[in-house]
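The values are calculated or read from the model by the stated rules, or taken from the named source; none is laboratory data. In this text, all values refer to a predicted model and were calculated from it rather than measured experimentally. Here the Cβ positions follow ideal geometry from the backbone for every residue, glycine too, while neighbour counts run over all protein chains shown. Quick note on the areas: whole protein, heavy atoms, side chains included, nothing else; ligands and nucleic acids left out. Shrake-Rupley method; radii C 1.70, N 1.55, O 1.52, S 1.80 Å.
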Amino acid sequence: MKNNSLTPTQTMFAGVKKRNPFAKAIAAAIVIGLTLLLVTGITQAQSVADRISFGFDAGGNKLWGNFPNTQFGFSGDLFIRWNILDWLSVHAAYNGGLLRWKAPNPPPIEGVQGTVNTTRHGGWELAGSINVFPDQTFVPYVMLGIEALNFEPKDVNANPLPNNAIAAYSKNVLGGIVGLGFEMYINPKVTFNGKVLLHLTGTDWIDDYTKGPPNNTQDVFLTFGLGFSYYIFAPALPDKVSDDRSNNTTNITNVYNTTNIIKYDTVVVMQTDTVYRTKIVKNTIYNFPGTLFIVNTDEFNTNVSNNMQNLRNIKSLVNQCRELKVEIQGHASHEGTAARNQELSEMRARKIRNWLIDQGVNPDQIVGTVGLGTTDDAVYEPTNASPADLEAARVLNRRIAVKVVEGCR
């Protein structure tokens, strides 16, 4: 029988060599993550549909097999993540590491008593996740999937353990994974992330031993780690729609309240205004900053007083003459990512168009819709203002606008 026992000195230094990579990796990931968060500040990024990222994490693992075990090992993974919807993602990953476990004394397997044995593991994973609070900077998720796992149990001298040596079982198995994770946005493209996964291996041989029927059970192990990801793809923002001012060089004023003028050739329509002009001029842009939607949706917020009056004002404007043709524009304030704000502004512009048609407006009068996101602010959003002043600016940017393409004759 091969003597695999270690001297106390060897055991001490072996433990240091095996534990240090795990401890250093976890410590480094935490330090880097916290440093980046402190240096850059947490942005108001959030989970957005149709984005793809790649990333890594590093951490530890622990086996629950046939023997009582207090050993931890090192593991890590590389992954690709696709956000199908803001709340639903698909993950593809390769996870690998070295499980450490110790057989009891007296041993059930000759040659392994009193030693720390290892099982190398590597698995290809495919999983889905449900993202909780996708419109926040910190996005936790729950995860479920399958794993094609390969494993290799060895003794302290890196020799195959007895049942492994005689090929008593298959070392390629199909199992499952279930776990929890999070993404914390450092900026719209970079996230600090972590996850904990329970690996349901589908085999009782991870530690080279099985109790046999009827008592054999499935070995499981846990992996956990911290890391970073980078979004390599995001929906492109469309070019800003330019105004054709060749036939309109007159500074148009607000006939209702001159203090409401924001920009050249722009009219702001407030809740109490009567939307009517004797002649509506081409390229005039009518802003409706009081048109409110439920947060992160394109649903009208009917709980806000006078919100429906803003919609009726838009309808009154479009209905002033049959030859009038307009473009519906959606705008957003600067909360959240530019990509999500772009998406919301497009959705809300389409919502207004559909509502107008449902209200009897001729569809031919609405030549199109466009989402401008945060690319065409009405006012500057101050960074050092009070919450009340900042919200007052955001209200003006969070708006629906109607651009006159063909005016009334």
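Please find, among 335, 406, the residue that is under 18 Å from residue 293 (Cα atoms), out of contact with any helix residue (DSSP H, G or I) (no Cβ under 6 Å at 6 or more places or on another chain) and among the acidic types (Asp, Glu).
Answer to the selection: 335.
Taking the conditions (1) more than 23 Å from the chain's Cα centre (by Cα); (2) under 30 Å from residue 232 (Cα atoms); (3) surrounded by 15 or more Cβ atoms within 10 Å (Cβ to Cβ); (4) not charged (D, E, K, R) in turn, residue 194 satisfies each one other than (1). One residue stands out in segment 117-156 among those that are within 10 Å of the chain's Cα centre (by Cα) and not in a strand (DSSP E or B): the one that is modelled with the highest pLDDT, namely 132.
Of all residues in segment 396-409, those that are within 21 Å of residue 325 (Cβ to Cβ) have Cβ atoms under 8 Å from Cβ atoms of residues that are basic (Lys, Arg) and outside any loop (DSSP other than H, G, I, E, B), 6 or more apart or on another chain, in 400/348; 404/325; 405/325; 406/325.
What are the residues in segment 360-389 that are part of a helix (DSSP H, G or I) and either surrounded by fewer than 14 Cβ atoms within 10 Å (Cβ to Cβ) or modelled with pLDDT under 85 (or both), if any?
To start, the set of residues in segment 360-389 that are part of a helix (DSSP H, G or I) comprises 363-365, 387-389.
Scanning segment 360-389 gives 363, 364, 387, 388, 389.
Within segment 169-188, the set of residues being within 21 Å of residue 130 (Cα to Cα), open to solvent by less than 40 Å² (accessible area, probe 1.4 Å) and among the aromatic types (Phe, Trp, Tyr) comprises just one member, 185. Of the residues making up segment 200-217, those that are open to solvent by 30 Å² or more (accessible area, probe 1.4 Å), more than 13 Å from residue 163 (Cβ to Cβ) and at pLDDT 90 or above are 200, 202.
Note on segment 141-177: residues that are over 25 Å from residue 193 (Cβ atoms) and aromatic (Phe, Trp, Tyr) amount to 2. In this structure, does residue 114 turn out to be open to solvent by 20 Å² or more (accessible area, probe 1.4 Å) and either modelled with pLDDT of 95 or more or of a type in the set (D, E, K, R) (or both)? So residue 114 does not fit the description; no.
For segment 285-315, residues that are at pLDDT 85 or above and surrounded by fewer than 18 Cβ atoms within 10 Å (Cβ to Cβ) total 1. Filtering segment 398-409 to residues that are more than 25 Å from the chain's Cα centre (by Cα) and in a loop (DSSP other than H, G, I, E, B) leaves 399, 407, 408, 409. Evaluation of residue 395 against the conditions (1) open to solvent by less than 60 Å² (accessible area, probe 1.4 Å); (2) touching a strand residue (DSSP E or B) at 6+ places or on another chain (Cβ under 7 Å); (3) assigned to a helix (DSSP H, G or I) shows that the sole unmet condition is (2). Taking the criterion of being in a loop (DSSP other than H, G, I, E, B), without any contact (Cβ under 8 Å) to a residue 12 or more places away in the chain and under 30 Å from residue 209 (Cα atoms), would at least one residue in segment 71-90 satisfy it? No; the residues of segment 71-90 include none that is in a loop (DSSP other than H, G, I, E, B), without any contact (Cβ under 8 Å) to a residue 12 or more places away in the chain and under 30 Å from residue 209 (Cα atoms). Would you call residue 357 open to solvent by 10 Å² or more (accessible area, probe 1.4 Å) and touching a helix residue (DSSP H, G or I) at 6+ places or on another chain (Cβ under 6 Å)? So residue 357 passes the test.
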